[in-house]
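Worksheet: one structure, shown below.
The values are calculated or read from the model by the stated rules, or taken from the named source; none is laboratory data. Quantities reported herein were computed from a predicted structural model and do not represent experimental measurements. With ideal geometry, Cβ positions are generated from the backbone for all residues, glycine too; neighbour counts draw on all protein chains shown. Keep in mind that these areas ignore ligands, DNA and RNA; they rest on the heavy atoms of the full protein, side chains included. Shrake-Rupley method; radii C 1.70, N 1.55, O 1.52, S 1.80 Å.
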Amino acid sequence: MARAISAAENDPPVVQAFLREHSQRLGRARIVGITGPPGAGKSTLTGCLAAELVNRGFSLGLLLVDPSSPFTGGAILGDRLRLPDIAQHPQVFVRSMSSRGSMGGLSKATSDAVKLLDAFGMDFVLIETVGTGQAETDIVSVADSVIVVAVPGLGDDIQALKAGILEIADLFVVNKADREGAEKTERELLHMLKMQPSSSGWTIPVIRTVATKNEGIGELANKLLAHYEFLRESGLLLRQRVARAEQELKDLLRSRMMQEFERLMGPALYRDLAQEIVAGEQSLYDTADKLWQQFLVRITQKGGSASD
Amino acid sequence: MSPKDDLPQIRDARVNWEEGTLQKVLSRFPERKPEFKTPSGTEVKRVYTPEDVAELDYNRDLGFPGLYPFTRGVQPTMYRGRFWTMRQYAGFATAEESNERYKYLLAQGQTGLSVAFDLPTQIGYDSDHSLAAGEVGKVGVAIDSLADMEILFDGIPLDKVSTSMTINAPAAVLLAMYMGVAEKQGVPFHKLNGTIQNDILKEYVARGTYIFPPAPSMRLITNIFEFCSQHVPEWNTISISGYHIREAGSTAAQEIAFTLSNGIAYVQAAVDAGLNVDDFAPRLSFFFNSHLDFFEEIAKFRAARRLWARIMKERFGAKKDKSLMLRFHTQTGGSTLTAQQPDNNIVRVALQALAAVLGGTQSLHTNSRDEALALPTEESVRIALRTQQIIAYESGVADTIDPLAGSYYVESLTNSLEKQAEEYIAKIDELGGAVKAIENGYMQREIQDAAYEYQRAIEKQERIVVGVNRFQIDEEPPKGLLQVDPAVGELQKKKLAVLRQSRDNIAVATVLDELEQVAKGNDNLMPVILKAVKSYATLGEICDRMRRVFGEYVAQDLL
Amino acid sequence: MERKIRVLVAKPGLDGHDRGAKVIARALRDAGMEVIYTGLRQTPEQIVTAAIQEDVDAIGLSCLSGAHNHLFPRVVELLKEHNAEDILVFGGGVIPDADIPGLKAAGIKEIFTPGTSTQDVIAFLEAHVRR
């Protein structure tokens, strides 16, 4: 499995072959995203939740996604150090991944790794990402349930949370709830949820935890399981997954079409045209129209060999 | 310092010099580097003048030895009265072998003991714990129970020596063992003299021998403050340590700032627990590094003294002079020692020791030349001790107090370090204090950044380390290094097995249950720990009961 | 797609001096590698589990407490038990010259002693890790 995930990161065709072969085995794992601001104690919380689920008899895969350095592409993946005990469990597989240049979001490799863990029969796949930028909205496209972790004492950050994260949360956690201000944070979250009730009929719970003392984790696991039940019974799970498959299909085709486009039209085509656009010699739209016409001509001439 | 009226003339003269004499030379012979900086990054000017200390007010900022703000020293006579305590950190293998080394050191003229414990002891594991495998007796002596402690101090009268123990997370237990030995020797507790390091915050930041999370750790520390103020009044209940923060790679300013911030957290915790600041503050002590940059280090010690005095007076309203004094132990910088050409380390250590003395240290450990290679041999330790003795008896630097006061450079550096440290402390206050700043990894990140910068400077040859990145030679591997017998682990395990059979196990179980109950409540833990120790409950057993109640700390640091 | 070198940097045993390990971790990151840093107090078992799950190319062990003769060979042994001896193991710390031949015989590929340039470690990994 470890080598398979490396292949997802480095050698996509191998993974594609594997996933083609095991397509019937996919779709059984419950996929959970965990996100929140840096310093919210996500890793510790993820470790505790993993332990709780394992104790309830589930197997699980854990993907810890860290941003990589935009300059060198290198990364230090340090989340693993906060969950030392659980990683040793035979029913648990932990893997650190860097975002590898996908602008802090989740890379294609991450969603392939999720599928691999699913194919290997994991009951749960937990994906932990740092909640800055793209990753937190990307997570919706991969996960069935999204847990958003907040902490007391971040003050105005609740307001910031509201902007991006409120829409994606299926469960809210107020971690470090033994700290001053926990009640206030909880109250504010509940208030915001009241203002914008979820449209699905699911009541988004706010759960207080102290991950370092393993408090509130049982309730979190209960609510997580309940959310999955809700998704299943309401038919939402199926709808989400159909939507996800549709999106993936579109993404895949889009990237194939771009590949085909570039193959037919030759490399290094954009730079010169872009310079002309900037210089005001051509308009953006005319340039695109012209390219598109050329492409249509070429693809009909060659009969469009999509696969090479 | 100099009458303010002189400043315009001095400035004119300086400008003349810069534009004339200096410029002529610079145009033909450029300096060695475009800019000069201390290892902490403070810019070093070509020359310092009264202009650089124009703001200095002698009585307010320097004063006299033994008087607020103690910039010039904490005692009125300093080394004219008595030299600093020469205290070499030592301990390895078994209690028997360490006991021999202590007796040797005392015979060589050392004036205080400093006990090094092995890692299992420091982290509260008995020698037969699975995590102790390979570690027993390695970096210090293995102590599992009062029985080992009795051997460690056999033949050493505890009312005659002062003993410093480098022990943090389980400091309460080791202090209780020391008291147990005193009782057997018939020495009353009020005659006990020494120090426990007991500084858990820097363990989270830099040294790594933590056990419990911050809150219960702070409670243990406060319990010790309270208990000792009543029963062991001469004991230094904490040694708030910048040493390891510096070793982890911090700058001099960070060393002062993070150490004093930790100090503030301890004082605040004790005050919050209802203690009167003047009851415990006189027994707070500090521990600093003496690093490479000679003048910066001297300035660091002076700045730290002045800043702490002000913090204690203004922030905590301490009244007693002793509460305001920053008394400190110094160790020369272990990370400055090189494995290459190890004899060169003798010279490094001598310079660093001299800086500590010129900075007014109360006690000093000089590192041995071979410490980048292994634990020091007896011969290396002797040279290190002789280095201190030469400074004390031959160099004459101890004959007058704070001899570098008034140096334009040293006073300017002192001011600048104090200012930088204050800015850091303000930042940490803003983050909610030292505990919060550690929990969210702020201090750790600052230190790691500095450490990485330092390493890069060496690799880019911006910093020269003699024998490492310049002046290298081909060397034979050094001979005669100290090796700890790997059988120590087995030996210690056997001793434990015998102990567990021969003691009254029912009494042990009862007192451990009692300990667990006290840990769950709010009472002072010291009395029950003392009781447990005297029943020959082991260190591991005692710490395990507390682990059960308190939980364990998981590092939160990020890179 | 570009294959990145993945390295696990670990502190086996109870030693808390992690300055060297962290400096190395950063230097490897800046050289474009992916570094999994596992922090203090790792047992050889934990290190090997992590190395296998993370599918790393190399494990860097740092120990300043003198317990290296016990801990480093144990890591290699466990890798063998799990058929993962293709993972390269290197070490650093306060390690006497006299111990180095024994450690190398036990399967530690290289030992870096105090004063080593991080560039040497990077060059070593780039030379010895191949896919």
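Here are a few things to note about the model shown:
- Probe 1.4 Å, all protein chains present, accessible-area order of B:Asp343, C:Asp30, largest first: B:Asp343, C:Asp30
- Annotation: aspartates and glutamates with alpha-carbon distance below 17 angstrom to B:Lys479 (same-chain offsets under eight excluded): B:Asp343, B:Asp370, B:Glu371, B:Glu378, B:Glu379, C:Asp97, C:Asp99.
- Shape box of segment B:1-137 [Cα atoms, principal axes, largest first, Å]: 73, 41, 29
- Separation of segment B:512-545 from segment A:213-238 is 42 Å, based on Cα centroids.
- Hydrodynamic radius of segment B:254-388 by the Kirkwood approach over all distinct alpha-carbon pairs: 16.0 Å.
- Other residues lying with their Cβ under 11 Å from the Cβ of A:Glu229 contribute a combined charge of +2, Lys and Arg counting +1, Asp and Glu -1.
- Pairwise inverse Cα distances across segment B:4-48, averaged and inverted, put the Kirkwood hydrodynamic radius at 12.4 Å.
- Estimated translational D of chain B in µm²/s (Stokes, Kirkwood radius over Cα pairs; 20 °C; 1.002 mPa s): 87
- Pairwise alpha-carbon distances in segment B:108-220 exceed 20 Å for 42% of all pairs.
- Hits among lysines - C-alpha to C-alpha of B:Lys322 under 21 Å, sequence gap 8 or more where chains match: B:Lys191, B:Lys300, B:Lys313
- Within chain B, the selection of entire DSSP H helices by a Cα span of 20 Å or greater along the long axis and an average Kyte-Doolittle value of at least -1.0 returns B:171-185, B:214-231, B:252-272, B:294-310, B:344-358, B:378-393, B:408-430, B:488-502, B:505-520.
- Listed residues A:Ile127, A:Ile277, A:Ile76, most fluctuating in chain A (Gaussian network, C-alpha, under 10 Å): A:Ile277
- Computed over the protein assembly as shown, the per-residue total of -39500 (n - 2.57) for DSSP H runs of n ≥ 4 gives a 222 nm mean residue ellipticity of -14000 deg cm²/dmol, rounded to 500.
- Residue-count net charge about B:Thr111 - beta-carbon cut-off 10 Å; Lys, Arg +1, Asp, Glu -1: +2
- Highest mean packing comes first when the peptides C:68-74, B:37-43 are listed by Cβ atoms within 10 Å, giving C:68-74, B:37-43.
- Segment B:108-130 and segment B:402-461 have Cα centres lying 30 Å from one another.
- For chain A, hydrophobic long helices are taken as DSSP H runs at least 15 Å long by C-alpha position along their axis with mean Kyte-Doolittle hydropathy of -0.5 or more; these are A:42-55, A:108-119, A:217-233, A:284-302.
- Shape of segment C:6-128, Cα gyration tensor, a/c cut at 1.5: rounded
- Checking the Cα-Cα distances for B:Lys460/C:Lys22; A:Lys108/A:Lys250; B:Lys160/B:Lys495 against a 25 Å cut-off, the pairs over it are B:Lys160/B:Lys495.
- P(r) of the protein assembly as shown over all Cα-Cα pairs, binned every 10 Å from zero, in whole percent: 2, 10, 18, 21, 20, 14, 8, 4, 2, 0, 0
- Calculated P(r) of chain A - Cα pairs past 31 Å, %: 38
- B:Phe295 contributes an accessible area of around 80 Å² to the protein surface, as traced by a 1.4 Å probe with all chains present.
- Bridgeable lysines around B:Lys4 (alpha carbons under 24 Å apart, same-chain partners fewer than 8 residues away excluded): B:Lys45, B:Lys419.
- Dividing the Cα radius of gyration of segment B:46-86 by 2.2 N^0.38 Å, with N the residue count, gives 1.53.
- Shielding by partners, peptide C:92-98 (average Cβ within 10 angstrom, other chains): 5
- Taking max minus min of the alpha-carbon positions on each principal axis, segment B:421-546 gives extents of 64, 52, 18 Å, largest first.
- Within chain A: Cβ-based charge dipole about Cα centre, in debye rounded to nearest 20 (Lys, Arg +1; Asp, Glu -1): 600
- In terms of the mean number of neighbouring beta-carbon atoms within 10 Å, the peptides A:88-94, B:244-250, C:121-127 order highest first as B:244-250, A:88-94, C:121-127.
- Cβ-placed point charges (K, R +1; D, E -1), dipole of segment A:187-293 about Cα centre in debye, nearest 20: 660
- Each other residue within a Cβ distance under 11 Å of B:Thr195 adds +1 if Lys or Arg and -1 if Asp or Glu, for a net charge of +1.
- Accessible heavy-atom area order of A:Val210, A:Val130, highest first, probe of 1.4 Å: A:Val130, A:Val210
- Protein-only accessible surface at a 1.4 angstrom probe places the residues A:Cys48, B:Cys228 in the order A:Cys48, B:Cys228, largest first.
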